[in-house]
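*Asks:* Here it is: the structure, laid out below.
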Amino acid sequence: MTQRTTILRRLSDETFDVFIVGGGINGAVSAAALAARGASVGLIDRGDFGGETSQASSNLVWGGFKYLENYEFGLVRKLSMSRNRLIEAYPENIHEIRFLAALDESSPYSPALAALGTLGYWAIGNFSTAPPTYLTPEAIKQREPIIDVSSLRGGVEYSDAYLKDNDSRFVFGFVRAALNVGAAAANYVELTTAHRNDDSWALELVDHETGERLAATTRVLINAAGPYADGLNNMLGVSTTHRIVFSKGIHLVVPQLGSDQRVLAFFDDTQRLFYVIPMGIRSMIGTTDTRTTDPDEGVTEADRTFLLEQINARLDLDAPLTEGDIIAERVGVRPLVVEASRAAAASQSDWTALSRKHEIETDAATGVVTIFGGKLTDCLNVGEEIADAVTSLGVVLDPDNGDWFGEPSTETRAEFMRQARLMGLSKLHTRSNAEPVSKRLWRRYGLRAFSMLEAIRDDPTMAEEIMDNADYLKVELHLAAHTEMITRLEDFLRRRSKIAMVVPHEVVARSEGLFEACQILFGADAHRRLDEYFGEEAIHDL
């Protein structure tokens with residue numbers, strides 16, 4: 001019996017203290033925070049965990065420097081403190097990185113004013129990062145020769161942080177933490193109807209993998225549906241004082257531009273910031289900020305053209321980037337919070353000025369808590385505030401020991417590295433990555449990485465690469481198959497890993513070892529899962 005099958009049974013058999021609908025960053029941190037404090041927690045997502053907005057971020061953990069434009073000093077302070085907490089709690093996964101902002105004649109701010117802004121930003125963040133620096137065009141060219149400095153007035157360099165791997169994997173880390181302490185979490189399960197009884201909710205669910213109907217019961221229901229929060233509340237019959245409006249953002253993943261030491265920042269022709277963000281052997285260009293009313297809107301031809309034009313105008317390239325250089329695309333909508341009375345007006349006004357803060361509303365009469373907005377950087381605050389909201393509804397929680405987030409202790413890490421070194425893994429590298437395998441395994445799996453050492457000791461072939469250009473060992477696939485709720489191939493290629501973001505689709509489809517990877521993940525279902533994702537493109541290396 002698979003882990004997912006066991007969890008589906010639990011969803012029907014148990015009565016939960018809290019049931020969370022939505023497995024993005026807000027739902028994941030809520031599950032981790034509540035389960036660690038003794039609540040019985042159910043969590044579902046109608047797609048995969050982290051499969052919507054949470055897989056389409058810039059992979060940045062930042063205090064929101066650009067929000068200073070709208071004088072949101074309180075928000076920037078809160079986000080900067082959250083960034084600092086995350087850097088401290090996740091030293092292997094979240095790294096400080098420099099941002100180089102190049103300012104030309106069309107930029108809304110002079111280099112001097114920008115330098116003053118970075119000093120203020122540094123101070124708001126408690127001086128916890130490396131100090132900012134004013135740069136002349138010549139200094140910018142020296143640091144990043146790829147930047148066209150012919151029209152630059154100067155620039156600034158300051159620090160924020162970014163995720164070493166990818167956003168959706170970070171989200172799954174919270175889901176895994178919740179599972180570790182007893183939560184029941186299942187992907188591809190949708191809430192279809194809900195009925196409020198005297199003191200509980202009767203929920204009807206459907207498993208999109210099998211079509212099976214399930215029934216769950218919970219005292220408190222948390223709406224963590226992100227862009228779909230308003231729609232879920234309508235179904236539940238819950239009225240709120242806030243609503244969601246949408247801002248679409250896209251990123252284009254292209255071959256590496258410049259060094260991997262810093263994020264490059266530019267103002268586009270509409271005077272909005274966009275970035276070139278390191279992504280391993282690739283670079284990610286974005287994000288855009290476009291009003292939309294459709295949370296499922298994809299990347300358009302106009303989106304691609306705009307970003308390519310903007311970056312080509314600002315870099316000194318041997319040849320301009322074209323659509324043929326695009327390896328992958330990321331698109332998601334930001335669910336921006338507005339007061340319900342202002343929702344219609346806000347969607348028609350300057351949505352770029354809307355706050356990126358989150359709001360949490362509690363309806364005591366129905367036992368529903370709704371999370372509006374939010375972002376990865378603010379996730380720990382969301383988890384703590386949700387615990388307070390649930391407590392106010394009568395759910396008794398254990399004290400918060402702060403053990404629902406963060407990486408294992410430095411002593412535990414040192415012991416893992418000692419064992420890995422004795423096995424020679426500290427000198428082992430995959431073909432496309434200079435990072436030692438031991439460091440990568442620890443960052444991705446933490447305590448679970450110890451079981452990998454044992455598996456490799458028993459069978460040294462477990463330390464072999466499974467696919468070309470994927471940076472994944474056989475042992476990782478075996479662990480993922482049993483502990484990472486991988487239901488469809490896209491879950492692995494796009495979210496538990498970033499393979500689909502950095503390796504061209506056609507290369508993955510013809511990768512030696514792809515079918516073996518599918519056999520490890522899906523067993524006898526390998527052919528179906530492979531064809532489901534690739535169709536006729538995949539070559540079954542039988």
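*Asks:* With each run of n ≥ 4 DSSP H residues scored as -39500 (n - 2.57), what mean residue ellipticity at 222 nm is computed for the chain after dividing by its residue count and rounding to the nearest 500 deg cm²/dmol?
*Replies:* -10000 deg cm²/dmol
*Asks:* From the C-alpha gyration tensor of region 100-245, pull out the three semi-axes of the equivalent ellipsoid (sqrt of 5λ each), sorted largest to smallest, in whole Å. Walk me through the numbers on the way to the answer.
*Replies:* Values: eigenvalues 497, 69, 51 Å².
Semi-axis lengths for region 100-245 are 50, 19, 16 Å.
*Asks:* Can I ask one more? Which cross-chain or sequence-distant (5 or more) residues have an amide H under 5 Å from the amide H of Val263, H modelled 1.01 Å from N in plane?
*Replies:* For Val263, whose amide H was placed from the backbone, the distant partners under 5 Å are Arg98, Phe99, Leu100.
*Asks:* What do you get for Rg/Rh of region 40-99 when both radii come from the Cα atoms and Rh is the Kirkwood radius? Don't skip to the answer; put the middle values down first.
*Replies:* On the way: Rg = 14.7 Å, Rh = 13.8 Å.
With Rg and the Kirkwood Rh in hand, the quotient comes to 1.07.
*Asks:* If I stretch the segment between His429 and Gln142 completely, what's the gain in nm (0.36 nm per residue apart, minus their alpha carbon distance), one decimal? Walk me through the intermediate numbers first.
*Replies:* Working: separation 287, 0.36 × 287 = 103.32 nm, distance 3.08 nm.
Length gained, His429 through Gln142: 100.2 nm.
*Asks:* Here's another thing I want to ask about it. Using a 1.4 Å probe and ignoring any ligands, DNA or RNA, find the accessible area of Thr5 and quote it in Å² to the nearest 10.
*Replies:* Number for this one is 60 Å².
*Asks:* Ok, one more. Given 0.36 nm per residue, what is the gain on full extension from Leu422 to Glu88 after removing their alpha carbon distance, in nm? Kindly include the intermediate steps, with their values, before the conclusion.
*Replies:* Values: separation 334, 0.36 × 334 = 120.24 nm, distance 2.82 nm.
Gain on extension, Leu422 to Glu88, equals 117.4 nm.
*Asks:* Let me ask something else about it. Return the FRET efficiency for the residue pair Tyr134, Gln271: r is the Cβ-Cβ distance, R0 is 35 Å, and the value is rounded to the nearest 0.05. Please list the in-between numbers first.
*Replies:* Numbers: r = 21 Å, r/R0 = 0.59.
Calculated value: 0.95.
*Asks:* Still on this structure, please answer the following. Need one number: the % of Cα-Cα pairs in region 391-485 sitting beyond the 20 Å mark. Numbers along the way, then the final one.
*Replies:* On the way: 1911 of 4465 pairs.
Considering region 391-485, 43 percent of its Cα-Cα pairs are separated by more than 20 Å.
*Asks:* Using a simple spin-label model with points 7 Å from Cα along the Cα→Cβ vector, what separation in nm is obtained for Thr391 and Ser355?
*Replies:* Taking the simple label geometry, Thr391 and Ser355 are separated by 2.3 nm.
*Asks:* What part of the accessible area of region 134-210, given as a whole %, is carbon or sulfur when the probe is 1.4 angstrom?
*Replies:* Numbers: 1310 of 2810 Å².
The C+S portion of the solvent-accessible surface of region 134-210 is 47 percent.
*Asks:* Continuing with this model, one more query. What percent antiparallel are the DSSP beta bridges of the chain, to the nearest 5? Please list the in-between numbers first.
*Replies:* Values: 65 of 86 bridges.
In the chain, DSSP labels about 75 percent of beta bridges as antiparallel.
*Asks:* With just the Cα atoms defining each centre, how far is region 355-390 from region 40-96? Give it in Å.
*Replies:* Here the answer is 14 Å between Cα centres.
*Asks:* Using the per-residue mean of other Cβ atoms lying within 10 Å as a proxy for protection, in what order, highest first, do the peptides 261-274, 436-449 fall?
*Replies:* Highest mean packing first, the order is 436-449, 261-274.
*Asks:* Explain nothing, just the number: relative contact order of the chain, from Cα pairs under 8 Å at least 6 residues apart, as a whole percent.
*Replies:* Numbers: 1057 pairs, mean separation 96.9, N = 542.
Answer for the chain is 18 percent.
*Asks:* Could I ask something else about it? Let me spell out the model: positive unit charges on the Cβ of Lys and Arg, negative unit charges on the Cβ of Asp and Glu, origin at the Cα centre of region 37-193. What dipole size does that give, in debye rounded to 20? Walk me through the numbers on the way to the answer.
*Replies:* Values: 14 positive and 18 negative charges, 99 e Å.
Result for region 37-193 is approximately 480 debye, rounded to the nearest 20.
*Asks:* Additional query: At q = 0.09 Å⁻¹, what log₁₀ I(q)/I(0) does a Debye calculation on the Cα points of region 184-329 give, no solvent, two decimals?
*Replies:* -0.48
*Asks:* Taking R0 as 35 Å, what's the FRET efficiency between Phe73 and Ser106 from their Cβ-Cβ distance, rounded to 0.05? Walk me through the numbers before you get to the answer.
*Replies:* Values: r = 26 Å, r/R0 = 0.75.
Once the sixth-power term is evaluated, E becomes 0.85.
*Asks:* Then there's this: Looking at the calculated P(r) for region 166-249, what percent of the C-alpha pair distances fall above 15 Å? Don't jump to the answer; show the numbers that get you there.
*Replies:* Values: 2429 of 3486 pairs.
Distances greater than 15 Å cover 70 percent of the Cα pairs.
*Asks:* Follow-up. Please state the shape class of region 279-424: rounded when a/c is under 1.5, otherwise prolate if a/b exceeds b/c and oblate if not, all from the C-alpha gyration tensor. Walk me through the numbers on the way to the answer.
*Replies:* Numbers: a/c = 3.40, a/b = 1.12, b/c = 3.02.
Taking the square roots of the gyration eigenvalues as a ≥ b ≥ c, region 279-424 is oblate.
*Asks:* Now, a different point. What is the dipole size for region 401-509, taken about its Cα centre, with +1 at each Lys and Arg Cβ and -1 at each Asp and Glu Cβ, in debye to the nearest 20?
*Replies:* Numbers: 17 positive and 17 negative charges, 53 e Å.
Dipole magnitude for region 401-509 comes out near 260 debye.
*Asks:* So what's the Cα pair-distance distribution over region 32-177, bin width 10 Å, in %?
*Replies:* In order of increasing distance, the bins hold 11, 31, 32, 17, 7, 2, 0 percent.
*Asks:* P(r) for region 447-541: what percent of alpha-carbon pairs falls in each 5 Å bin, starting at zero?
*Replies:* Over region 447-541, the share of Cα pairs per 5 Å bin runs 3, 14, 25, 27, 18, 9, 4, 0 percent.
*Asks:* Rank Ala56, Gly24, Ala455 by how far each Cα sits towards the positive end of the charge dipole of the chain (+1 on Lys, Arg Cβ; -1 on Asp, Glu Cβ) and give me just the farthest.
*Replies:* Of the candidates, Ala455 comes out farthest on the positive side.
*Asks:* Under a Cβ-only charge scheme (Lys and Arg +1, Asp and Glu -1), can you give me the dipole magnitude of the chain about the Cα centre, in debye to the nearest 20?
*Replies:* Working: 54 positive and 79 negative charges, 244 e Å.
That gives the chain a dipole magnitude of about 1180 debye.
*Asks:* Now, a different point. Between Asp458 and Glu411, what is the FRET efficiency for a Förster distance of 22 Å, r being their Cβ-Cβ separation, to the nearest 0.05? Could you put the intermediate results ahead of the total?
*Replies:* Working: r = 26 Å, r/R0 = 1.17.
It comes to 0.30.
The values are calculated or read from the model by the stated rules, or taken from the named source; none is laboratory data. Keep in mind the model is a prediction, meaning the values are calculated, not measured. Here the Cβ is made from the backbone with ideal geometry for all residues, glycine too, and neighbour counts use every protein chain on show. Please note that ligands, DNA and RNA were not included when accessible areas were found on the heavy atoms of the full protein model with its side chains. Shrake-Rupley method; radii C 1.70, N 1.55, O 1.52, S 1.80 Å.
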